[in-house]
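Let me begin by presenting the structure, written as structure tokens, before commenting on it.
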Amino acid sequence: MQRVESEIARLIKEIDYDEVTRLFEMLSGGKRLRAKLILKIAPSHEKAPLLAAIVELIHGASLLHDDVIDEALLRRGVPSVNATEGSKTAVMLGDILYSKAFTELVEFDKDIAKAVASSVTALSKGEMQDVKMAENFNSDEQTYLDMLYLKTATLIEAAAVASALLSGKDALNYGIYGRNLGLSFQIIDDILDITSDEATLGKPAMNDFVEGKCTLPYIYLYEALDEKDKKRLVDAHAKKIDKEESAWIKSKMQEHKSIEKSFNLAKVLSDEASKAVEGDTELIQILQSMIQRSY
Ligand code: FPP
Ligand code: MG
């Protein structure tokens, strides 16, 4: 991972603009899930750290833009760039990171470049669907999972496919692994938004529902409620939530096992991922720590 951090630092330096270096230093690196995945799939390829740096810059750019879109004030425990420097700066920094990543990406083989580039169209589509869906209470599980695949899983899938191609491994199975890892990862994220607290998450808890996002536990809860309680849940959607209402939602989720049901789906998807790379203990280890994580 040290080599990935060095590659990221080198790319930022090449942008050759002190303001970008200063702003980039304000960002927290995050979990680097995508980079770790690339290094595990192509451990000995000399270009793996650069590919990992490219994917992390794309991911970082997408989060800069996402925080502007979501009007989020915290990211990874620190104030977001839009909160401290304004939305214009956050958008421009995202543009610079994103285009620098693509400048580097075109030097890779065409199939690798295409896998990563097309995933960015998919994740941008997913983001647009996410925003559209937040306008109303969505209770359809499949619509939600389709959006999740685009918004979160495609870049992880692309990271797995690209690194498999780089190291001459079976891109199809690694793609299945990446896709299911990504979906499972996001479902765990949705659960933690409800079960964890702001100090652990590095962003406000139960914020998804306030932002209008009906994540899987809310969809399962809605399915289980009677008409009167369904209405109460829908009325609370996309609004600032008080302690009484969030306690009610949590107790109903407990009663109807909505978190448990969501966790079970994350587990099924993680098992699918595991099957696709049978015998690769390091990749299976990534799945296990992802499922067990608390932030
Ligand atoms: C986080 O979702 C958002 C994403 C994973 C993708 C965002 C994608 C774009 C903004 C498209 C633009 C892409 C580029 C490369 C410029 P979330 O809001 O559910 O998660 P959060 O709680 O971490 O904010
Ligand atoms: Mg967001």
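The values are calculated or read from the model by the stated rules, or taken from the named source; none is laboratory data. The structure displayed is predicted, hence computed values, not measured ones. Glycine also receives a Cβ, built like all others from the backbone with ideal geometry; neighbour counts cover every protein chain displayed. For accessibility, only protein heavy atoms count, side chains too; no ligands or nucleic acids. Shrake-Rupley method; radii C 1.70, N 1.55, O 1.52, S 1.80 Å.
Can you list the chymotrypsin sites (Phe, Trp or Tyr not before Pro) in the range 198-250 that are in a DSSP coil and have 14 or fewer other beta carbons within 10 angstrom? Please report the intermediate quantities before stating the final value.
Numbers: sites: 209, 218, 220, 222, 248; in loops: none.
Those that pass, being in a loop and sparsely packed, number zero.
Whole-Hz Karplus values for the range 276-293 come out as 5, 10, 2, x, 7, 4, 5, 6, 5, 4, 4, 4, 5, 6, 5, 5, 8, 5 Hz, taken residue by residue from phi with 6.51 cos²θ - 1.76 cosθ + 1.60 and θ = phi - 60°; glycine and proline positions read x.
Cross-link pairs exceeding 20 Å between alpha carbons, from the set 213/250; 31/203; 36/125: 36/125. The portion of the accessible surface of the chain made up by carbon and sulfur, rounded to a whole percent, is 52 (1.4 Å probe; DNA, RNA and ligands excluded).
Over the range 50-161, what is the relative contact order in whole percent, taking alpha-carbon pairs under 8 Å and six or more residues apart?
Details: 99 pairs, mean separation 29.5, N = 112.
Contact order relative to length: 26 percent.
In angstrom, the C-alpha Rg and Dmax of the chain are 19.3, 60. Comparing Cα centroids, the range 45-93 and the range 1-42 end up 11 angstrom apart. Fully extending the segment from residue 223 to residue 18 would add 68.6 nm, taking 0.36 nm per residue of separation and subtracting the current Cα-Cα distance.
Rounded to the nearest whole Å², what accessible area per residue is found for the chain with the 1.4 Å probe?
Values: 14260 Å² over 295 residues.
On a per-residue basis, 48 Å².
Within the chain, the longest segment free of exposed loop sites, counting GluC sites (Glu not before Pro) that fall outside DSSP classes H, G, I, E and B and have at most 13 other Cβ atoms within 10 Å, spans 136-277. Measuring r between the beta carbons of residue 71 and residue 242 and using R0 = 25 Å, the FRET efficiency lands at 0.80. Taking the alpha-carbon centroid of each part, what is the distance from the range 215-249 to the range 121-175 in angstrom? Rounded to whole Å, the Cα centres lie 26 Å apart. Equivalent-ellipsoid semi-axes for the range 57-116 (Cα gyration tensor, √(5λ), whole Å, largest first): 27, 11, 8.
List the trypsin sites (Lys or Arg not before Pro) within the range 217-263 that DSSP assigns to loop and that have no more than 12 neighbouring Cβ atoms inside 10 Å.
Numbers: sites: 228, 230, 231, 232, 239, 240, 243, 250, 252, 257, 261; in loops: 239, 240, 257.
Of the trypsin sites (Lys or Arg not before Pro), the ones in loops of the range 217-263 whose Cβ has at most 12 other Cβ atoms within 10 Å are 239, 240.
Per-residue surface analysis assigns residue 26 an accessible area of about 70 Å², computed on protein heavy atoms at 1.4 Å probe radius. So which trypsin sites (Lys or Arg not before Pro) in the range 56-157 pass both tests, a DSSP loop state and at most 16 other Cβ atoms within 10 Å of the Cβ? Passing both the DSSP loop test and the Cβ count: 76.
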